[in-house]
Amino acid sequence: VEWIGQIPEHWEVRRLKVIADMQTGTTPPTTDTEFFDGDINWFTPSDFTGKLLIKDSERKLANKAVEEGQAHLFPANTIMIVGIGATVGKTAFTQMKASCNQQITAIQVNEVNRAKYYAYWLYSCSSAIKATANYTTLPIINNQHLGEAPCPFVNDIAEQTGIVEYLDAACMTIDNLICTNEENIKKLKEYRQSIIYEAVTGKIEV
C-alpha cells in the first residue's frame, strides 16, 4: 500500500471504516445565543495548533445545543480531522468529551484502547490525506472516501501500546525543545531590537 510501505509481516492492513465510525460535526444556529458560551469544547479548524492533542477550543457550546440536537457531543478519545478548507487533512485528538463544527469529521475507533494509535497514524498521513481531497472552490474530503483509507493494524495490543508510549515520550521531548528554542528566539529578537535602538539613539559607539 503506497501510504504505508513495508510493515512487519505479522501486522495487517484494514480500512479505516472497518476499525472506526465517522461523523461530521455541526454548527448550531448562531442566532440563538443560548447555544453558546457554555462549558463544552466546540472545535473548529482554527483550534488545530499543529500538535496532536487539543485541549481547549476558542468557542464553547452550552448544554442546550446538545440537548436539543443542534450539536453532537463526541466521547473522550475521539480523533478529529479537518475535512474541508485550507487546512484539510489536519488531525487532532481529544481526551475529553467535545463537539466540533461541520468542517471537521469526528472519528471514533471501535476499540477505544486503540484510538490514540490511530490518531498518530492519521496525524502522520495528513499530507497524503490532503492530496486525495476533491477540489472545487475548497478542498473537500468525502467521509466515504476517507473510510477507504488503509491503516496498519497491530494485532498485539501490548506492541501497539508500546508504540504509543514511545511516541508520547518522543513528542514531549521535541515539544519541550521547540518551546525552549522559541523562548531563545524571542530573547534574541528583543536583544536585536535593543541593539538597534541604542545604536540609532547614540547610546553606544559604533
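The values are calculated or read from the model by the stated rules, or taken from the named source; none is laboratory data. This one's a predicted model, so the numbers in the text were calculated from it and none came from an experiment. Here the Cβ positions follow ideal geometry from the backbone for every residue, glycine too, while neighbour counts run over all protein chains shown. All accessible areas refer to the heavy atoms of the entire protein, side chains included, with ligands and DNA or RNA removed. Shrake-Rupley method; radii C 1.70, N 1.55, O 1.52, S 1.80 Å.
Think of a 1.4 Å ball rolled over the protein heavy atoms: segment 47-105 then has 44 Å² of accessible area per residue.
In plain terms, if you count all Cα to Cα distances in segment 50-93 and split them into 10 Å steps from zero, the share in each step is 23, 47, 29, 2 percent.
Its Cα centre serving as origin, segment 128-206 has a Cβ charge dipole (Lys and Arg +1, Asp and Glu -1) of approximately 520 debye. The value given for segment 1-103 is a Kirkwood hydrodynamic radius of 15.1 Å, derived from the mean inverse Cα-Cα separation.
Rolling a 1.4 Å probe over the heavy atoms of the protein chains gives segment 128-168 an accessible area of 56 Å² per residue.
Distance between the C-alpha centres of segment 14-43 and segment 138-206: 27 Å, rounded to the whole angstrom. Helix 115-124 and the longest principal axis of the C-alpha atoms of the chain enclose an angle of approximately 60°. Computed over the chain, relative contact order equals 24 percent, with contacts defined as Cα pairs under 8 Å that lie 6+ residues apart. Taking a straight line from the alpha carbon of K55, these lysines sit under 18 Å away, with near neighbours fewer than eight places off in the same chain left out: K90, K97, K116. Along the axis of the charge dipole computed for the chain (Cβ charges of +1 for Lys and Arg, -1 for Asp and Glu, origin at the Cα centre), the listed residues L138, L167, C151 are led at the positive end by L138. Using the Cβ of E9 as centre and a radius below 15 Å, the other residues enclosed give a net charge of -3, where K and R count +1 and D and E count -1. Angle of helix 157-200 to the longest C-alpha principal axis of the chain, folded into 0 to 90 degrees and rounded to 10: 20°. When the Cα positions of S126, A62, L177 are compared along the charge dipole of segment 51-206, A62 comes out farthest toward the positive end, with charges on each C-beta of Lys, Arg, Asp and Glu. Within the assembled protein chains, the solvent-accessible surface assigned to Y123 is about 90 Å², based on a 1.4 Å probe. Please state the relative contact order of segment 19-90 as a whole percent: Cα pairs under 8 Å, 6+ residues apart? 32 percent. Along the Cα-to-C-beta direction of D39, a point sits 7 Å from the Cα; which residues of segment 77-109 have their amide N less than 14 Å from that point? In segment 77-109, the label zone of D39 (backbone N under 14 Å from the point 7 Å along Cα→Cβ) covers 97-98.
The order of M22, M172, M80, M96 by accessible area, most exposed first and with a 1.4 Å probe, is M172, M96, M22, M80.
Using a 1.4 Å probe on the protein heavy atoms, what percent of the accessible area of segment 62-205 belongs to carbon and sulfur? For segment 62-205, the apolar C and S fraction of the accessible surface comes to 56 percent.
Select one label from (i) 13.6; (ii) 12.5; (iii) 17.3: the one whose number is mean projected area of the Cα convex hull in nm² as derived from the coordinates shown. It is the value labelled (iii). Of the beta bridges in segment 1-147, as assigned by DSSP with both residues counted there, near 90 percent are antiparallel. Between V200 and E159, the modelled labels are 6.2 nm apart [label points 7 Å from Cα along Cα→Cβ].
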